[in-house]
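*Asks:* The structure's right below; bear with me while I get my questions together.
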Amino acid sequence: MQKAKKKNRSLAEKINVMRASVMGANDGIVSVAGIVIGVAGAKSSNYAIFLAGIAGMLAGTISMAMGEWVSVSTQRDSERRAIEKESAALDGNYDREFDFIKNKYQATGISSELSLKATKEMMSDDPLDVAVRERFGFNPKEHTSAIAAAMASMISFPTGSILPLVSITFFPENIKIIATVIAVIIALTITGYTAAALGNANRLKAVFRNVVSGLLTMLVTYLIGSLFAH
């Protein structure tokens, strides 16, 4: 049983870190690409573009890390409150919680006799675990770390930011914008596909949405930058 708990905790933790890493890298690509393309649209020097990109990278890194920490911490607090509430409900009125789970199983099309048997078997081992999962929809044995998610974002955001920053800074003047756009499209294709794979979603739709959002971001910031060109 202890090994199973550790395995569940490890799997949940890995998924949590991978999700934060992919989303952090994706946000780093889009955010910094939007910044540097916008500044480039204003016909600024490479130094100004690089400085704006670095500032965006640092601000985004802190923002993403703190955002992940707050988000996961809030989720964990909510889950703890749900577990405490269900524990009190089981202590105060076990039969009501038992009937809730039995009726839920029966609503899926299982016969009354079979749903009663299934509920008895499920509740005989770990009633709190089963009751929380059926009433609130999460597994109380799966733990996610707010610190791990924050660290993953803190590393992945600047990593993703490097690509558009390097592209816009070091490519020749006449091709730096188009080269940056192409580099960003390739990077967003990778992160979009990876995010879809982690979530078991449609890969093609995820990549399309990711690339389109990135292109729209760069287009808007470029147009705004062009308004202030000198």
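The values are calculated or read from the model by the stated rules, or taken from the named source; none is laboratory data. Computed from a predicted structure; not experimentally measured. As a convention, Cβ positions derive from the backbone with ideal geometry for all residues, glycine included, and neighbour counts pool all protein chains shown. Heads up: the accessible areas ignore ligands, DNA and RNA and are worked out on the full protein's heavy atoms, side chains in. Shrake-Rupley method; radii C 1.70, N 1.55, O 1.52, S 1.80 Å.
*Asks:* May I ask for the angle, rounded to the nearest 10°, between helix 146-170 and the longest principal axis of the chain, with both axes built from Cα atoms and the value confined to 0 to 90°?
*Replies:* 20
*Asks:* In 10 Å bins starting at 0, how do the alpha-carbon pair distances of segment 21-114 split up by percent?
*Replies:* Reading upward from the zero bin: 14, 23, 17, 13, 14, 11, 7, 1.
*Asks:* Which length gain, in nm to one decimal place, applies between Phe136 and Ser45 when the Cα-Cα distance is subtracted from 0.36 nm times their residue separation?
*Replies:* Gain on extension, Phe136 to Ser45, equals 27.3 nm.
*Asks:* What's the center-to-center distance, using Cα atoms, between segment 158-230 and segment 81-134 in Å?
*Replies:* Here the two parts' Cα centres lie 48 Å apart.
*Asks:* Same structure again: In Å³ and rounded to a whole number, note down the convex hull volume per residue for the Cα atoms of segment 80-200. It would help to have the intermediate numbers written out before the result.
*Replies:* Numbers: hull volume 16.7 nm³, N = 121.
So the per-residue Cα hull volume is 138 Å³.
*Asks:* Placing +1 at every Lys and Arg Cβ and -1 at every Asp and Glu Cβ, with all other atoms neutral, what dipole size does the chain have around its Cα centre, in debye to the nearest 20?
*Replies:* Dipole magnitude for the chain comes out near 440 debye.
*Asks:* May I ask you to give the solvent-accessible area per residue for the chain, in square angstrom, as obtained with a 1.4 angstrom probe?
*Replies:* Accessible area per residue: 56 Å².
*Asks:* Then there is this: Cα axis of helix 176-199 to longest principal axis of the chain: angle in degrees, 0 to 90, nearest 10?
*Replies:* Around 10 degrees separate the two axes.
*Asks:* Next question. Listed highest first by mean packing, meaning other Cβ atoms within 10 Å per residue, what order do 98-105, 112-119, 33-40 come in?
*Replies:* 33-40, 98-105, 112-119
*Asks:* Please compare each pair in Lys104/Lys205; Lys120/Lys141; Lys14/Lys120; Lys104/Lys141; Lys14/Lys141 to a cut-off of 23 Å on the Cα-Cα distance and tell me which ones are over it.
*Replies:* Beyond 23 Å between Cα atoms: Lys104/Lys205; Lys14/Lys120.
*Asks:* Viscosity 0.692 mPa s, temperature 37 °C: what is the translational diffusion coefficient of the chain from Stokes-Einstein with a Kirkwood Rh over Cα pairs, rounded to a whole number of µm²/s?
*Replies:* It comes out at roughly 160 µm²/s.
*Asks:* How large is the helix-only mean residue ellipticity at 222 nm for the chain, computed as the sum of -39500 (n - 2.57) over DSSP H runs with n ≥ 4, divided by its residue count, in deg cm²/dmol to the nearest 500?
*Replies:* -30500 deg cm²/dmol
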